[in-house]
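Worksheet for the structure shown next.
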Amino acid sequence: MPYLTGRPAGTASTDLRTGFGVPGFAHPLLAPREWAELTRPGRPLHWVVLDVADGPGVRPDPHCLEAAGRLHNAGVRVLGRLDAPYGARLFAELVCDARRHLDWYQVDGFLLDRCPTERDALPEVRSTVATLRTLGDAPHIVLGHGTHPYPGYLEYADQMVTFSGSWSDYRWSQAAEWTAAHPPERFCHFVHGVPRCHLEEALRIARWQGAATIWFTDRHDRGGLVDPWETIPGYWDDIVSRIGTGVSE
């Protein structure tokens, strides 16, 4: 059987509570409330992605520098987004972007977004990650596949995004069988279009499938015309309360 809908007994870890991995808000000038909200005490944040302009941009942005600094001061891990369109970018370009993220914003790691999933692409991703790990002080590496990749990728990542998509797909999704051998803190799920009335169901699915880092929003991508991740969901206080009090556990 290639897939399971849940995790066998005894495989789930209880060391890490469910928390948020923020895929990246709109620019701080366009979403000041969102960036300010992330620095409030008691927010169950695992990390926040900084995406200046499909990466670090071509020059330091003072507004993004300020936002990243406030997150660091609040003890929040900041990851720089590196766009790796399923292997279409050169290794040197990714490393250059990573250096800019570090030099300009002092990021704590990287989200390698749109990461390849196939076995044949693993050696190139392995080389990229190995280089990224030499750039900072133990950088946190998240591979943003958006679906279940070849299992070997997990050996080189701290975490992997194994689902990124709509609620209509998520509620019928299944976890790959091999993920059951690993603790939930290794996996992330990003889900858009989650209605408030289905929020508890979505949290149960994440727990059942073994993903400790999540981002749920009621926004829709509307055929790619709207970025569903760029603002806080309408039920932000509700989901913060549920996760912060352990309701989702």
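Karplus-derived 3J(HN,Hα) values for the range 159-174, using 6.51 cos²θ - 1.76 cosθ + 1.60 with θ = phi - 60°, are 8, 9, 8, 9, 8, 8, x, 8, 4, 4, 7, 5, 5, 10, 6, 9 Hz; glycine and proline are entered as x.
For the chain, the fraction of 1.4 Å probe accessible surface lying on carbon and sulfur atoms is 50 percent.
Here the range 36-109 is assigned +1 on the Cβ of each Lys and Arg and -1 on the Cβ of each Asp and Glu. Its dipole about the Cα centre then comes out at about 200 debye. If each Cα of the range 176-249 is one equal point scatterer, what is log10 of I(q)/I(0) from the Debye formula at q = 0.19, 0.25, 0.27 Å⁻¹? Log10 I(q)/I(0), no solvent term: -0.81, -1.17, -1.26.
Among the listed values (1) 30, 19, 18; (2) 26, 23, 16; (3) 33, 20, 19, the one matching semi-axes √(5λ) of the Cα gyration tensor in Å as calculated from this structure is (2). Each Lys and Arg Cβ is given +1 and each Asp and Glu Cβ -1; about its Cα centre, the range 50-153 then shows a dipole of about 160 debye. Compactness check for the range 43-88: Cα Rg over 2.2 N^0.38 Å is 1.27. Computed 3J(HN,Hα) for the range 51-65, one whole-Hz value per residue from the Karplus formula 6.51 cos²θ - 1.76 cosθ + 1.60 where θ = phi - 60°, is 10, 6, 7, 6, x, x, x, 9, 7, x, 9, x, 6, 5, 4, glycine and proline marked x. The amide H of H145, built 1.01 Å from its N in the peptide plane, has C115, V161 as neighbours under 5 Å, considering only residues 5 or more places off or on other chains.
Taking amide H as placed 1.01 Å from N in the peptide plane, G80 has its amide H under 5 Å from the amide H of L50, D108, G109, F110, L111, each at least 5 places away in sequence or on another chain. Between C197 and L90, residue separation times 0.36 nm minus the direct Cα-Cα distance comes to 34.2 nm.
In order along the range 123-134, phi translates into HN-Hα couplings of x, 5, 5, 4, 5, 4, 5, 4, 5, 4, 5, 8 Hz, rounded to whole numbers, per the Karplus curve 6.51 cos²θ - 1.76 cosθ + 1.60 with θ = phi - 60° and x for Gly and Pro. If only the Cβ of Lys and Arg carry +1 and only the Cβ of Asp and Glu carry -1, the dipole of the chain around its Cα centre is close to 300 debye. Annotation: per residue accessible area for the range 101-249 equals 43 Å², rounded to a whole number [probe 1.4 Å, protein chains only].
The values are calculated or read from the model by the stated rules, or taken from the named source; none is laboratory data. Since this is a predicted model, take the numbers as computed values, not measurements. As a convention, Cβ positions derive from the backbone with ideal geometry for all residues, glycine included, and neighbour counts pool all protein chains shown. Just so you know, the surface numbers come from the protein's heavy atoms only, side chains and all, with ligands and any DNA or RNA stripped out. Shrake-Rupley method; radii C 1.70, N 1.55, O 1.52, S 1.80 Å.
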